[in-house]
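What follows is a short report on a single structure.
The values are calculated or read from the model by the stated rules, or taken from the named source; none is laboratory data. Fair warning: this is a prediction, and the values are worked out from it, not measured in the lab. Here the Cβ is made from the backbone with ideal geometry for all residues, glycine too, and neighbour counts use every protein chain on show. Please note that ligands, DNA and RNA were not included when accessible areas were found on the heavy atoms of the full protein model with its side chains. Shrake-Rupley method; radii C 1.70, N 1.55, O 1.52, S 1.80 Å.
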Amino acid sequence: MNGRENTSQSPVNKIYWDTLKDLNDTDKMKLVVMLTSSVVYKEEPEMPVLTKEERKRDLMSLAGCWKDDPEDAARMEAAIKDGRKNEFMRDINLDD
């Protein structure tokens, strides 16, 4: 490569180009491979498709997960409701 530069590059790219333009072709090609591999589309793992029965089984597996909690259901429900109320009311200014 003869060190020509594209004048339509962003200022950031120009800084990098000014730093890297004098590298030998082998090092430039290694950088090309590194940069290209860093932006190649990486497929995310596919989520399993569950049947209705599998979804129900998974949901039911959570049943009773708080059975050992020392707090009784009524107190837990009250705490949840209070938390929701406080979360909502925090964003409302009644003095307006």
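Please work out how much length the chain gains when fully extended from residue 49 to residue 22, using 0.36 nm per residue of separation minus the C-alpha to C-alpha distance, in nm with one decimal. Walk me through the intermediate numbers first.
Details: separation 27, 0.36 × 27 = 9.72 nm, distance 5.23 nm.
Gain on stretching residue 49 to residue 22: 4.5 nm.
Taking every protein chain into account, the accessible area of the stretch 1-83 amounts to 97 square angstrom per residue (probe 1.4 Å).
Cut-off under 25 Å on the C-alpha distance; same-chain residues fewer than 8 positions from residue 67 excluded. Which lysines are left, in chain and number order? Straight-line reach from residue 67, under 25 Å: 56, 81. Only Lys, Arg, Asp and Glu carry charge here, each on its Cβ (+1 for the first two, -1 for the last two); on that basis the stretch 1-85 has a dipole of about 280 debye about its Cα centre.
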